[in-house]
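What follows is a single structure, written as structure tokens, with notes after it.
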Amino acid sequence: MKQRVEDLDWKNLGFKYRDLPYRYEAKYQDGEWQEGKLTEDSTMTFSEGAEVLHYGQEIFEGLKAYRRKDGKINLFRPDENAHRFALSAKRLAMPPFPEDRFVDAVKQVVLANKEFVPPYDSGATLYVRPLMVGTSKVLGVEKADEYTFRIFAVPVGAYIKGLNPADYIVSDYDRAAYAGTGRAKTSGNYASSLLPAVDAHQNGYADCLYLDPREHKYVDEFGGANFYGITQEGQFVTPKSKSILVSITKRSLLEVAKWQGLDPVERQITLEEAFNMKEAGAMGTAAVISPVGSITYKGKKHVIYSETETGPITTKLYNELVDIQYGNKKGPDGWVQTLE
């Protein structure tokens with residue numbers, strides 16, 4: 001059943017799928033991308049032999065549309081999502097979807113469903129999910145020669161509500177292999193994190209923190225977000241690795257941290273150093289920033305700043321980025337694209 005806007009409670013949306021009126025779809029056939037279009041059909045049909053079901057050729061993205069105070073709609077750096085989507089496609093041996101067409105398709109979907117972009121000050125946004133799957137019928141291990149690109153949108157509340165410190169646990173599992181597919185946004189990376197996440201949740205933790213898959217000595221990332229820390233000297237640091245996702249929120253916060261005089265740097269961060277950060281957080285599209293209250297490792301809890309209060313640097317970083325996303329403050333050229 002299609003979602004009706006009058007049935008929504010903007011303050012209590014949660015983070016779940018809803019069937020909105022329109023989505024965008026394009027097919028790759030005969031060696032090229034065909035003309036795409038908006039459709040009301042929320043189902044995808046392909047063979048039981050479809051490549052995606054057996055060998056996992058699948059990639060996706062996540063970005064948001066924000067209702068401004070003046071009623072217009074902002075997109076935050078959709079060109080960066082288009083570029084990352086293309087990089088993910090190349091890593092999975094898939095034909096990249098043209099980046100200009102990606103951005104145009106995102107705009108089409110948002111505008112077609114614009115009544116579902118939540119009101120300003122509701123704390124909610126319109127989450128946009130582009131994806132691509134291999135649909136050729138295969139049996140042996142091989143890449144597909146036919147693909148479906150699709151974008152749908154869903155109004156969502158905050159993935160993690162407010163700047164409330166959360167507790168994390170260091171996982172014994174690896175999220176992705178060094179030089180594997182960790183830098184691509186593909187479903188397999190998330191599938192491998194489901195079991196550790198279930199265990200973490202059952203034990204009262206928000207998520208897992210993964211270590212580098214080679215030495216298990218350095219911080220990699222959380223199950224669904226990148227890690228950053230503020231050193232005792234006041235420097236913004238975030239891991240640099242071949243096994244973590246290239247994050248648009250991370251890139252943006254590196255810039256914001258520079259403006260705020262935090263001398264940001266990407267480098268290896270030992271687990272011991274992470275325990276001794278002045279402040280720390282998880283950063284990503286869904287959460288923006290979720291402060292780290294504690295990290296538990298081998299049964300010992302290490303509190304970062306506070307388990308109940310958010311640090312002043314994290315608060316300032318969060319407010320700066322969110323103000324840009326909602327159009328309350330001007331960011332660098334190209335960061336925000338406004339739709340009428």
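For the reader, a short list of remarks on this structure follows.
- Rounded percent of accessible protein surface that carbon and sulfur make up, segment 202-246, 1.4 Å probe: 40
- Cα gyration tensor, segment 183-225 - rounded (a/c under 1.5), prolate or oblate: oblate
- Against the compact-protein benchmark of 2.2 N^0.38 Å, the Cα-based radius of gyration of segment 102-235 scales to 1.33.
- Segment 108-211 - percent relative contact order, Cα under 8 Å, separation 6 or more: 23
- Protein accessible area in segment 296-340, 1.4 Å probe - carbon and sulfur %: 47
- Built amide H within the under 5 Å cut-off of Tyr120, gap 5+: none
- Kirkwood-Stokes translational diffusion coefficient of the chain, alpha-carbon pairs, 20 °C, 1.002 mPa s, µm²/s: 103
- Three-way shape call for segment 112-180 based on the alpha-carbon gyration tensor, with the a/c threshold at 1.5: oblate
- Expressed as a whole percent, the accessible surface of segment 70-192 that belongs to carbon and sulfur atoms is 52, based on a 1.4 Å probe.
- Once the 1.4 Å probe is applied to the protein heavy atoms, the chain comes out at 46 Å² accessible per residue.
- Over segment 166-308, Cα pairs under 8 Å with separation of 6+ residues give a relative contact order of 26 percent.
- Whether segment 228-271 is rounded, prolate or oblate, judged on the alpha carbon gyration tensor where a/c under 1.5 counts as rounded: oblate
- For segment 290-334, the spread of Cα positions along the three principal axes, ordered from largest to smallest, is 46, 19, 13 Å.
- Restriction of the GluC sites (Glu not before Pro) in segment 44-90 to DSSP coil positions whose beta-carbon has at most 12 other beta-carbons within 10 angstrom yields Glu48.
- Segment 169-268: GluC sites (Glu not before Pro) in DSSP loop, at most 16 other beta carbons within 10 Å: Glu215, Glu233
- Spin-label model, Asp263/His201: points 7 Å from Cα along the beta carbon direction are separated by 4.1 nm.
- Estimated 222 nm signal from helices in the chain, with DSSP H stretches of n ≥ 4 weighted -39500 (n - 2.57), rounded to 500: -6500 deg cm²/dmol
The values are calculated or read from the model by the stated rules, or taken from the named source; none is laboratory data. All values reported here derive from a predicted model rather than from experimental measurement. Virtual Cβ from ideal backbone geometry, glycine too; neighbours counted across all protein chains shown. Accessible surface areas use protein heavy atoms only, side chains included; no ligands, DNA or RNA. Shrake-Rupley method; radii C 1.70, N 1.55, O 1.52, S 1.80 Å.
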